[in-house]
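I have placed the structure first, in the form of structure tokens, so that the comments after it can refer back to it.
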Ligand code: BES
Ligand code: ZN
Ligand code: ZN
């Protein structure tokens, strides 16, 4: 096969070079084997070794990606391997390459992982740059797959493409500066997407938000001249069984979080444009579900607002009445995400949602607990959370279960209202925030994802540009498809 480059991966301790790697080694008259025995190729996870003009091969370059120890390898690792390969070659001017999978990874699941890894890796945050880099990957061919599975492989490739494009759709939204993405503009973009993919859409404007008595959302929005919106997207399957679950996806979309009157320090405040990451996650997930057509109906609810310290802004000590009727003492106006989600969750329940997932860049505390490695995953009942975490593991997104003991609920009791919007006492900030949401989800099976530290990365990874990650979409889509 003629291509600029051939890419495959090798395992740590794979001195034998069997299968596909063995064939390459033979074509190169054993040169690959000598690179392994000399220690140049260790095959440690994501180690990249680029060989120019490999003798005996038609390609101009051979890229070997380390796959780590075979015992620790999972099919989902192909995402990172394919993604790291793409970014490495793209930055070196390669236009097309062949990705060769190894024996054992020849089915649809592997194909989907490779496609997702490639498309997500190809994303760059250069929309507003006039000096865009010119390097561009034009095509990637997949090789090594079982041709007997052609039909299934094509379906898997399409599914991978839809999910990765939806992740990139969300990443584009997250990148938008707040002057280009107000709540109304976010709603307009959601509407355009919904029309394109065939989802139902309704945008609740200020009047409707007032009619519905979403006092917690209004409290946050009143400090801004930009009016709030609630974006409601609907996916309805062709047939729905009686008594079927109705999945509700609620996403925080604070298009800019200054902190409000409890204003944030200037340092890093520009990052708070990504405080709509949870909302973008749900829009991305809905986009994918519109194509992938789960059996269950799904509704997404995205409350959108700015959090500004305007003259009409809510103040610490103010009491707001949420849509559910619960009263909230606003201790800190910077704990605004939980306020708008409270009304989002209540609205989801009023529409009949039987199961809820919310995603939000909710707390700085989740970064203290889990750094940018794991999403903080909360939920009740525990079996429902475990079911969700099984999806996360299947698609290779790292999420860690966080505790929901009753003791934490005590920390959000208020003296003058039903609850307060920050925990009293020290520590546990991500957990008290989750408990606040549970006061509104109540007994409905519910999962809360705190993506504050994982929705955006300040440093690029070999397989991912720095900036928005698109985390959690894959898991939510997998979960909805299995429900
Ligand atoms: N949007 C922030 C959380 C955040 C922090 C997201 C860092 C991304 C990166 C949220 O609205 C917030 O300000 N939370 C406060 C809550 C506190 C006042 C109880 C926080 O985490 O400091
Ligand atoms: Zn805040
Ligand atoms: Zn916020």
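The values are calculated or read from the model by the stated rules, or taken from the named source; none is laboratory data. Remember, it's a predicted structure, so these values are computed and weren't measured experimentally. Neighbour counts are summed over all protein chains in view; Cβ atoms, including those assigned to glycine, are modelled from backbone coordinates with ideal geometry.
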Residues satisfying the stated conditions in region 276-302, i.e. touching a helix residue (DSSP H, G or I) at 6+ places or on another chain (Cβ under 7 Å) and within 14 Å of ligand 2 (Cβ to nearest atom):
276, 277
Residue satisfying condition, being under 24 Å from residue 112 (Cα atoms) and either touching a helix residue (DSSP H, G or I) at 6+ places or on another chain (Cβ under 6 Å) or surrounded by fewer than 24 Cβ atoms within 10 Å (Cβ to Cβ) (or both), within set 438, 466:
466
Which numbered condition residue 369 misses (of (1) assigned to a helix (DSSP H, G or I); (2) within 14 Å of ligand 2 (Cβ to nearest atom); (3) farther than 13 Å from residue 434 by Cα):
(2)
Taking region 252-268 as the region of interest, how many residues are within 12 Å of ligand 2 (Cβ to nearest atom) and under 25 Å from residue 348 (Cβ atoms)?
5
Somewhere in region 393-408, is a residue on the phi < 0 side of the Ramachandran plot, free of Cβ contacts under 8 Å to residues at least 60 places away in the same chain and within 16 Å of ligand 1 (Cβ to nearest atom)?
yes
So how many residues does region 348-362 have that are more than 10 Å from ligand 1 (Cβ to nearest atom) and crowded, with 24+ Cβ neighbours inside 10 Å?
6
Select from region 319-339 the residues that are within 12 Å of ligand 2 (Cβ to nearest atom) and in a loop (DSSP other than H, G, I, E, B) and list them in ascending order.
330, 332, 333, 334, 335, 336
Which one of these does residue 187 not meet: (1) farther than 16 Å from residue 300 by Cβ; (2) in contact with a strand residue (DSSP E or B) (Cβ under 8 Å, 6 or more places away or on another chain); (3) modelled with pLDDT of 95 or more?
(1)
Identify all residues within region 290-347 that are farther than 26 Å from residue 413 by Cα, within 23 Å of the chain's Cα centre (by Cα) and away from ligand 1 (no atom under 16 Å from the Cβ); write none if there are none.
290, 291, 292, 293, 294, 295, 296, 297, 298, 299, 300, 301
From the list 303, 316, 403, 309, which residue is within 18 Å of residue 281 (Cβ to Cβ), assigned by TED's automatic domain parsing to the domain that holds residue 424 and not in a helix (DSSP H, G or I)?
303
Can you tell me which residues in region 205-219 are touching a residue at least 24 places away in the same chain (Cβ under 8 Å) and either more than 16 Å from residue 342 (Cβ to Cβ) or over 25 Å from the mean Cα position of the chain (by Cα) (or both)?
205, 212, 213, 214, 215, 216, 218, 219
Being part of a helix (DSSP H, G or I), closer than 30 Å to residue 172 by Cα and touching a residue at least 12 places away in the same chain (Cβ under 8 Å) is the requirement here; does residue 385 meet it?
yes
Could you tell me which of the residues 178, 224, 262 is in a loop (DSSP other than H, G, I, E, B), out of contact with any helix residue (DSSP H, G or I) (no Cβ under 9 Å at 6 or more places or on another chain) and within 16 Å of ligand 3 (Cβ to nearest atom)?
262
